[in-house]
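Trainee: Once you've had a glance at the structure underneath, I'll fire off some questions.
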Amino acid sequence: MSTTATRRTPKTVPADPTTLESLPIVSATDEGTVLNRRDAHLVITAGLGWPGLFAQTGRDLAETWTLRRLVWTLAFLDIKLRYRGSLLGPFWLTLSTGVMIAALGFVYSHLFKTNLHTYLPFLSLSLVLWNNFITSTVSDACVSYTTANTTIHAMRMPMSMHAARSVVRNVMVLAHSVIVIVIVFALENTWPGKTAFMALPALGLWLIDGMAVSLLLGGFCARFRDVPPIVASIMQIAFFVSPIIWSPQILKDRGIGVILLNWNPFYSLLEIVRAPLLNQVPSEATWMSALGFSAVLVVISTLFFVRARSRIAFWV
Amino acid sequence: MAMIRAEHLSIDFPLYHGESRSLKKTMFAAASGRGRLGEDARKRVVVQAVRNVDFELRSGDRLGLVGSNGAGKTTLLRTLAGIYEPSGGRITIEGALSALLDPGQGMNPDLTGRENIRLRGLFSGLKNAEIARLQEDVAEFAELAQFINLPVRIYSSGMMVRLGFALATAIRPQILLMDEWILAGDAAFMGRARQRLESMVRGAEVLVLSSHSADVILQWCNRVIWMDQGQVRADGPPDEILSQYLPPDQFAQAKAALVARAATQVASQPA
C-alpha cells in the first residue's frame, strides 16, 4: 500500500477547480483515482413527449462525440481481435479482395468483351467499396447492439456509441483495402486527376449514411431477430442488380436502366464515390438522387432511434 | 454533494420470447388483428419489475436492499445506474456513479486485463498518463501480476471478482451500486475490499448494496429498504427492518455473525 502512495505523490495534474481531480485525496488508506465523469449530473424521466425524446437523443449523440477516443480504440481492438494470431492480420481481407478482383477481372473481361485496362480499375474500386465498406457496414449494423449486450447491461453508455463503433471499424477495414486499388491503378498505370477529390464529400455522406443505417438496423435487428438474414439476402440481390461488376454504361439507353440506375439507392451512392476516382464527374442527377435517398434514410433512422433508444437495453 | 433520488419509479420489463422476436409473426399479428393493432402491441408479456418506488439518498447514506429472489432488487439497481430507463417516474443522479452489477463488468473476455482497463479509462475520459496509472492501480489491487497481460477469458472467477471490484472502485465513484456477487471474493480480498469501501463511504458518498446476507447489511448500511414484488414493503434503519424481514433466529444469527466478524477483523489488523 505504501508503494502506491509514494508512486502517486508526484502527481502533476494541473489543479482545475472545476474537476474533482483537484481535490486532495492521496493518503495511505485511500487509493484510487478521483475524476469527474461526464454523467455527474443525470436526470432520466419516463414518458417524455417527442421534444423530450429528441433532447435525450441529442445528448446521447453528444456523449458519443466526447467518447470518440473510446470509439476509436474499441474499433481498433475489434479488428485486432478478429485477426489475433493470424499472420497477415487485417491484410487477409485485402489479399482475398485482391484475389477476387484478379479472378473476376479475368472472367468478366472475357464475358463482357471489355478492355481489361479500363475494366480492372473499375472492378477493383467497385468491389473494394462494396465488399469492404457497404456490405460489411450493413451486416455489422445488424449486430451492433446484440453483440454489445454485456456492455449495455453493465453500465450506462450512450447507445449511439455502439453504432459509431461499427462505422469506425468499417472505415478501418476500408482503409486497409485501399492498397488493392493502388496496386491495380499502378499496374494499369491509370491515375485519377484532381477530379478524385470530388470523392471526399461523397465519403462524408457515406459516413452519415453508415451511422444512420447502424442506428436503424442495430435497434431493429435487436428487436426482431429474423431481420439480419433478410438484410443479408437484400444485400446479395443488390450486389447483382446494381452496376458493381458490370458497367452502368451497358444500360444507359435501355428501359430497365431507369429502374436499376435511377431508382437504385446503391447505384447513386456508389457512383458519387466511384466516378471521381475513375476521373469522371458524377452527374448532378446522381448527386441529387444520392442526397435524396440519404435524406430519407436519415429521417427514418432518426425517428426510429429517438423512439427506440431507451428500449434497446431491454431488447438485447 | 452526491445525491440519488427516485420518484414514483416504475419499470415494466418486456419479456421477449421466441414469437414476439419474429418480424413475420408480429406483422401477421398486426395484419390479422382486425383493427386491434393497439391491443396487439399491448399483448406482449410485461413484468412489472419495480412499481412506484420513492426514496432519496444523500451523502453518507448507505442503503441496503433486501427482499426475496425476484423482488426487483437487481432491476432497481440497473435502473438507478441508468442502464434500464424507467417506464414511469423519474431518477435524478448527482455525482459520478459506478455500478458493480456483475463480475464481468461489461469487459470483453477476449481482450487482456490491461486492454479492458484501458477501455474503462477511456470511457471515464482519462488521459493516457492517467490510464497507465489506472492500469497499475487496478493490477496491484486485484493482485493480477502477470495475468494482466492475458485475456480475461482465462481468469479464475476469483480473479474476475477482484478485477471487477478494483476497476469499479479505482476510478472513485461518489455513488456506488453493488450487487451481492462481491461477496464471492476470498477472505483476504474481502478484507481489503471492505477497507476500500469504508474509505469511500467515510468520504461522505452514497452506497446502495443489494444483498441476502444480513450481517453484511448490518455492518455496511445505515438504511434498509425491503423490496417485495417490485414495491417497497418497508423502509427504515437496518435493525428495525431486518428484524421484521428475517425470522427471529436468523436475525439473532446475523447479529452474532457481525460481532464475530468484527472481533476477527480487530485480531487480524496489523498493529
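Trainee: Is it true that some residue in the range B:179-194 is buried (at least 20 other Cβ atoms within 10 Å of the Cβ) and within 9 Å of chain A (Cβ to nearest Cβ)?
Mentor: Within the range B:179-194 (the criterion being buried (at least 20 other Cβ atoms within 10 Å of the Cβ) and within 9 Å of chain A (Cβ to nearest Cβ)), the answer is no, since none of the residues qualifies.
Trainee: May I pose another question? Can you pull out every residue in the range A:213-231 that is in contact with a Cys (Cβ under 8 Å, 6 or more places away or on another chain) and either charged (D, E, K, R) or more than 16 Å from B:Ser22 (Cβ to Cβ) (or both)? Even if it seems obvious, please write down each step before you answer.
Mentor: The first filter runs over the range A:213-231 and keeps only residues in contact with a Cys (Cβ under 8 Å, 6 or more places away or on another chain), leaving A:217-218, A:221, A:227-228, A:231.
Those that are in contact with a Cys (Cβ under 8 Å, 6 or more places away or on another chain) and either charged (D, E, K, R) or more than 16 Å from B:Ser22 (Cβ to Cβ) (or both): A:Leu217, A:Gly218.
Trainee: If you don't mind, another one. Do we find that A:Glu271 is more than 19 Å from the chain's Cα centre (by Cα) and of a type in the set (Asp, Glu) in this structure? Lay out the reasoning, then the answer.
Mentor: Details: more than 19 Å from the chain's Cα centre (by Cα): no; of a type in the set (Asp, Glu): yes.
So A:Glu271 fails the test.
Trainee: Now a separate question. Given the residues A:Arg254, A:Arg274, which is the only one that is among the basic types (Lys, Arg) and without any contact (Cβ under 8 Å) to a residue 12 or more places away in the chain?
Mentor: Details: A:Arg274 fails: without any contact (Cβ under 8 Å) to a residue 12 or more places away in the chain.
From the options A:Arg254, A:Arg274, the qualifying one is A:Arg254.
Trainee: Hey, could you check the range A:143-164 for residues that are touching a Ser or Thr at 6+ places or on another chain (Cβ under 9 Å) and more than 11 Å from chain B (Cβ to nearest Cβ) and say which is surrounded by the most Cβ atoms within 10 Å (Cβ to Cβ)?
Mentor: Only one residue tops the list, namely A:Ala163.
Trainee: If you take the residues of the range B:194-245 that are touching a Gly at 6+ places or on another chain (Cβ under 6 Å) and of a type in the set (Gly, Ala, Ser), which of them is farthest from B:Ala262 (Cα to Cα)?
Mentor: B:Gly230
Trainee: In this structure, is A:Leu35 modelled with pLDDT of 85 or more and either crowded, with 19+ Cβ neighbours inside 10 Å or not hydrophobic (A, V, I, L, M, F, W, C) (or both)?
Mentor: Details: modelled with pLDDT of 85 or more: no; either crowded, with 19+ Cβ neighbours inside 10 Å or not hydrophobic (A, V, I, L, M, F, W, C) (or both): yes.
Judged against the criteria, A:Leu35 is not a match.
Trainee: State yes or no: is A:Ala295 closer than 26 Å to A:Pro121 by Cβ, away from chain B (no Cβ under 14 Å) and at pLDDT 90 or above? Talk me through it step by step, then tell me what you get.
Mentor: Numbers: closer than 26 Å to A:Pro121 by Cβ: no; away from chain B (no Cβ under 14 Å): yes; at pLDDT 90 or above: yes.
No, not satisfied.
Trainee: What number of residues within the range B:62-98 are assigned to a loop (DSSP other than H, G, I, E, B), of a type in the set (A, V, I, L, M) and either more than 7 Å from chain A (Cβ to nearest Cβ) or over 21 Å from B:Pro173 (Cβ atoms) (or both)? Full working, then the answer.
Mentor: Taking the range B:62-98 as the starting set, the residues that turn out to be assigned to a loop (DSSP other than H, G, I, E, B) are B:67-72, B:81-87, B:95-96.
Then keep just the ones that are of a type in the set (A, V, I, L, M); that gives B:71, B:81, B:83, B:96.
Subsequent filtering for residues that are either more than 7 Å from chain A (Cβ to nearest Cβ) or over 21 Å from B:Pro173 (Cβ atoms) (or both) retains B:71.
Looking only at that region, the number is 1.
Trainee: Of A:Phe224, A:Phe240, which residue is surrounded by 17 or more Cβ atoms within 10 Å (Cβ to Cβ), among the aromatic types (Phe, Trp, Tyr) and free of Cβ contacts under 8 Å to residues at least 12 places away in the same chain? Walk me through how you get there before you give the answer.
Mentor: Working: A:Phe240 fails: surrounded by 17 or more Cβ atoms within 10 Å (Cβ to Cβ).
Answer to the selection: A:Phe224.
Trainee: Inside the range B:99-126, can you point out the residues that are closer than 19 Å to A:Met159 by Cα and part of a helix (DSSP H, G or I)?
Mentor: Once the filter is applied, which keeps residues that are closer than 19 Å to A:Met159 by Cα and part of a helix (DSSP H, G or I), the range B:99-126 yields B:Leu119, B:Arg120, B:Gly121, B:Leu122, B:Phe123.
Trainee: Also: Scan the range A:213-246 for residues that are of a type in the set (Ser, Thr, Tyr) and more than 22 Å from A:Ala313 (Cα to Cα) and report the count. Before the answer, list the steps.
Mentor: Applying the first criterion (of a type in the set (Ser, Thr, Tyr)) to the range A:213-246 yields A:214, A:233, A:242.
Those left that are additionally more than 22 Å from A:Ala313 (Cα to Cα): A:233, A:242.
Residues that pass the stated criteria total 2.
Trainee: So which residues in the range B:99-112 are more than 7 Å from chain A (Cβ to nearest Cβ) and modelled with pLDDT under 90?
Mentor: Taking the range B:99-112 as the starting set, the residues that turn out to be more than 7 Å from chain A (Cβ to nearest Cβ) are B:100, B:103, B:107-109, B:112.
Correct list: B:Leu100, B:Pro103, B:Met107, B:Asn108, B:Pro109.
Trainee: Let me ask you something else. Look through A:Phe54, A:Phe106, A:Phe122, A:Phe76 and report the one residue that is surrounded by fewer than 18 Cβ atoms within 10 Å (Cβ to Cβ) and over 27 Å from A:Val168 (Cβ atoms). Write out each step before concluding.
Mentor: Numbers: A:Phe54 fails: over 27 Å from A:Val168 (Cβ atoms); A:Phe122 fails: surrounded by fewer than 18 Cβ atoms within 10 Å (Cβ to Cβ); A:Phe76 fails: over 27 Å from A:Val168 (Cβ atoms).
Going through A:Phe54, A:Phe106, A:Phe122, A:Phe76 in turn, the sole match is A:Phe106.
Trainee: Let me ask something else. Scan the range A:238-259 and tell me whether some residue there is within 14 Å of chain B (Cβ to nearest Cβ), closer than 24 Å to A:Tyr108 by Cα and either touching a Ser or Thr at 6+ places or on another chain (Cβ under 8 Å) or at pLDDT 90 or above (or both).
Mentor: The answer is no, given that none of the residues of the range A:238-259 is within 14 Å of chain B (Cβ to nearest Cβ), closer than 24 Å to A:Tyr108 by Cα and either touching a Ser or Thr at 6+ places or on another chain (Cβ under 8 Å) or at pLDDT 90 or above (or both).
Trainee: Let me ask you something else. Inside the range A:191-220, can you point out the residues that are under 14 Å from A:Ala275 (Cβ atoms) and not in a helix (DSSP H, G or I)?
Mentor: The answer is A:Pro192, A:Gly193.
Trainee: Of the conditions (1) surrounded by fewer than 19 Cβ atoms within 10 Å (Cβ to Cβ); (2) out of contact with any His (no Cβ under 9 Å at 6 or more places or on another chain); (3) modelled with pLDDT of 90 or more, B:Glu143 fails just one. Which one is it?
Mentor: (3)
Trainee: Further question on the same structure: Could you please find all residues in the range B:98-127 being among the aromatic types (Phe, Trp, Tyr) and surrounded by 22 or more Cβ atoms within 10 Å (Cβ to Cβ)? I'd like the intermediate steps shown before the answer.
Mentor: Restricting attention to the range B:98-127, the residues satisfying the condition of being among the aromatic types (Phe, Trp, Tyr) are B:123.
Hits for the range B:98-127: nothing passes.
Trainee: Output the number of the condition that B:Asp137 fails; it satisfies all remaining conditions of (1) more than 21 Å from B:Val224 (Cα to Cα); (2) away from chain A (no Cβ under 11 Å).
Mentor: All conditions pass for B:Asp137, except number (2).
Trainee: Which ranges mark the helices (runs of 4 or more DSSP H) fully within the range A:38-142 that have 3 or more residues being within 29 Å of A:Arg274 (Cα to Cα), more than 14 Å from chain B (Cβ to nearest Cβ) and among the small types (Gly, Ala, Ser)? Give the steps one after another, and end with the answer.
Mentor: On the way: elements: A:50-66, A:68-82, A:91-111, A:116-129, A:136-142.
Here the list reads A:91-111, A:136-142.
Trainee: State all residues of the range B:140-164 that are within 11 Å of chain A (Cβ to nearest Cβ) and either over 19 Å from the mean Cα position of the chain (by Cα) or not small (Gly, Ala, Ser) (or both); if no residue qualifies, say none. Walk me through how you get there before you give the answer.
Mentor: First pass over the range B:140-164, keeping only residues within 11 Å of chain A (Cβ to nearest Cβ): B:140-141, B:151, B:164.
Answer for the range B:140-164, where residues must be within 11 Å of chain A (Cβ to nearest Cβ) and either over 19 Å from the mean Cα position of the chain (by Cα) or not small (Gly, Ala, Ser) (or both): B:Glu140, B:Phe141, B:Pro151.
The values are calculated or read from the model by the stated rules, or taken from the named source; none is laboratory data. Worth saying up front: this structure is predicted, and the values here are computed from it rather than measured. A quick note on method: Cβ atoms are made from the backbone with ideal geometry, for glycine too, and the neighbour counts reach across all protein chains shown.
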